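The values are calculated or read from the model by the stated rules, or taken from the named source; none is laboratory data. Quantities reported herein were computed from a predicted structural model and do not represent experimental measurements. We place every Cβ from the backbone using ideal geometry, glycine too, and count neighbours over all the protein chains shown. Heavy atoms of the whole protein, side chains included, go into the accessibility calculation; ligands, DNA and RNA do not. Shrake-Rupley method; radii C 1.70, N 1.55, O 1.52, S 1.80 Å.
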Amino acid sequence: MKSVYKITLLVCFAVLVSSCHDKSKPNYQYMPNMYEPVSYETYGESNAFKNGKEGQLPVDGSIKRGQDVYAYPNTTAGYDLAKANLKSPLDSSAVDMDKAKELFDIYCAICHGTAGDGKGKLVTQGKYLGVPSYKDRPTITAGSIFHVQTYGLNAMGSYANQLSAHERWILAEYVLKLKSEL
């Protein structure tokens with residue numbers, strides 16, 4: 001009878017040992033970081049940076065890729081300097097007036113009117129008042145138009161996020177063309 005107990009105990013032990021073994025997962029990890037990566041919280045603290053809290057800041061004076069430096073400040077003095085000194089970098093043959101008209105109709109004609117007379121749809125409906133005609137502004141230059149498109153003026157907002165610098169220069173040339181036709 002003792003041998004039956006021993007055999008039963010031995011079989012139970014063998015079943016117990018073999019049931020705990022999973023052949024799909026090894027019971028050891030050679031390089032544990034490959035199996036269980038260390039994750040970081042998106043905005044959490046980390047010892048990967050010098051100060052331990054935030055990422056590295058860009059070097060002073062650096063600009064984003066694809067951005068241009070615009071040296072005139074968003075002040076009245078900056079507007080006056082842009083009006084007097086800022087010239088279009090585009091050659092007159094490089095200005096595509098069809099593209100300029102298309103951009104003007106999209107961004108400007110709603111207030112300034114398709115002819116630049118200050119009678120756009122929002123003005124005729126009474127939504128905005130006091131949008132000047134280009135013929136009433138004899139002192140505007142390409143530089144002042146570019147400056148106003150970049151920073152905005154009075155009720156007009158900035159178009160620097162919607163239009164590239166090249167497109168703003170094209171629009172400035174088109175506005176001067178409309179001004180000469182009025």
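One compactness figure for the range 98-163 is 1.07, namely its Cα radius of gyration divided by 2.2 N^0.38 Å.
Sorted into 10 angstrom bins from 0, the C-alpha pair distances of the range 67-182 split as 14, 48, 34, 4 percent. Of the residues Asp60, Asp91, ranked by 1.4 Å probe accessible area with the largest first, the sequence reads Asp60, Asp91.
Within the range 108-144, the trypsin sites (Lys or Arg not before Pro) that combine a DSSP coil assignment with at most 11 other C-beta atoms in a 10 angstrom radius are Lys127.
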